[in-house]
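In what follows, a structure is listed as structure tokens, so that the remarks can point back to it.
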2 protein chains.
Amino acid sequence: MRQTEEAIGQRLGGLNVDFEAMWAVSNIYRASSAIRNHLEQTVLRDTGLTWTGFVVMWVVWIWGESEPRHVAAEAGISKGTLTGVVKTLESYRHLRRFPHPTDGRRVMLALTPTGERLMLGLFPEFNRQEAFVVKKLDSERRRDLATSLRHILEHLENT
Amino acid sequence: MRQTEEAIGQRLGGLNVDFEAMWAVSNIYRASSAIRNHLEQTVLRDTGLTWTGFVVMWVVWIWGESEPRHVAAEAGISKGTLTGVVKTLESYRHLRRFPHPTDGRRVMLALTPTGERLMLGLFPEFNRQEAFVVKKLDSERRRDLATSLRHILEHLENT
DNA sequence: GAAGTATAGTTTGGCAGCTAACGATCGGAT
DNA sequence: ATCCGATCGTTAGCTGCCAAACTATACTTC
């Protein structure tokens, strides 16, 4: 890691680089990948669920019957991706889709009983691993981290 | 966003949830996705490069001639993924691979002259967008953010 | 009833992401 | 010289990720 910083210093020394921004963005991305891998290799491994599959189930679990565009927005993925993930979760019998009562364009999503049971058993484990991930940060730093990231998200959403 | 928190409070109220950890992890992931999209839709769009394509070129640019497993580690992706991304970058003539002088198992990677020129023009733009991404945070918060994330990364790497 | 505009969700094409297994190569021990 | 264990990079299979285009449906205006 220190070697990396030296190599970067040497190559980019002559340029006018915003290193604070660079490290912030780089670390967000790397932490995100590492966390996803960690969760997929621990809690999610035996379920066959991917990170995104879990998140989609979680959103439907939280909100109850929902519509695809809303679930996609809450999960932070595109509608096209949501369609693909729902297809996968349907094949696992964790989630089902059915027509909207009055609008033929719309679709409703809900967890199956199997999916509900899975979430009840899985979420506490998932949350324990989330706590493990941030274990080295004290409470204040965790809140500051979440707050800074929310500011970034809001800034990008208002662009 | 506030509605989301209310729905979560209602569903998870009876469980013993570490909300700080949950929000920290969730926001890391969402910020990461949003940042990648932003960069792919702005600076990288006209180049045809993906986020990961850019990162791989950047790593080879910083280190000079490199080997795949090293580039994969620096870029935070698996060796299998690195092979696929290198294939894409080779087809764009941005990067080339050639045999290791003495070890038949190993491969060397280097940017082509075209790739070097692209990085010289692209990186300052990329870094400007990185600065834009974190624009709403002051200098101290940016450093704290990068530091907290590095602690998370180190913790996960030592598991 | 017809036309125009908008919305919802799906499909398409292409790229990325992982793990696990594989083939090629290397180095050490015998 | 041969064997064995380890390493390197690639391949296979599967899932996720996007934007853009498409089809079906809804609503408003005339």
Q. Which condition number in (1) within 28 Å of B:G14 (Cβ to Cβ); (2) buried (at least 17 other Cβ atoms within 10 Å of the Cβ) is the one that A:A73 fails?
A. (2)
Q) Quick check: is even one residue across the range B:20-29 in contact (Cβ under 8 Å) with a residue 12 or more places away in the chain, open to solvent by less than 70 Å² (accessible area, probe 1.4 Å) and at positive phi? A) no
Q: For the range A:85-97, state whether one or more residues are acidic (D, E) and closer than 29 Å to B:N158 by Cα.
A: no
**Q.** So A:P68, is it modelled with pLDDT under 95, more than 10 Å from every other protein chain (Cβ to nearest Cβ) and surrounded by fewer than 21 Cβ atoms within 10 Å (Cβ to Cβ)
**A.** no
**Q.** Lone qualifier among A:V59, A:V55, A:V85 - being within 12 Å of DNA strand C (Cβ to nearest atom) and surrounded by 15 or more Cβ atoms within 10 Å (Cβ to Cβ)
**A.** A:V85
Q.
Scan the range B:133-143 and tell me whether some residue there is more than 22 Å from A:K135 (Cα to Cα), under 15 Å from the mean Cα position of the chain (by Cα) and open to solvent by less than 70 Å² (accessible area, probe 1.4 Å).
A. yes
Q. Given (1) within 12 Å of DNA strand C (Cβ to nearest atom); (2) open to solvent by 40 Å² or more (accessible area, probe 1.4 Å), where does A:E157 come up short, assuming only one miss?
A. (1)
Q | Selection within the range A:6-39 - charged (D, E, K, R), under 18 Å from B:F54 (Cα atoms) and within 30 Å of the chain's Cα centre (by Cα) | A | A:D18, A:R30
(Q) So in the range B:3-19, with the set limited to residues that are more than 7 Å from chain A (Cβ to nearest Cβ) and at pLDDT 85 or above, which one is most open to solvent (accessible area, probe 1.4 Å)? (A) B:N16
Q.
One residue is enough: does the range B:26-33 have a residue meeting the conditions facing another protein chain (nearest Cβ under 7 Å), of a type in the set (V, I, T) and farther than 25 Å from A:M22 by Cα?
A. no
Q. Do you know which residues across the range A:104-124 are assigned to a helix (DSSP H, G or I) and within 16 Å of DNA strand D (Cβ to nearest atom)?
A. A:G115, A:L118, A:M119, A:L122
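The values are calculated or read from the model by the stated rules, or taken from the named source; none is laboratory data. Because the structure is predicted, anything quoted here is derived from the model rather than measured. Note that each Cβ is placed from the backbone with ideal geometry, even for glycine, and that neighbours are counted across all protein chains shown. Keep in mind that these areas ignore ligands, DNA and RNA; they rest on the heavy atoms of the full protein, side chains included. Shrake-Rupley method; radii C 1.70, N 1.55, O 1.52, S 1.80 Å.
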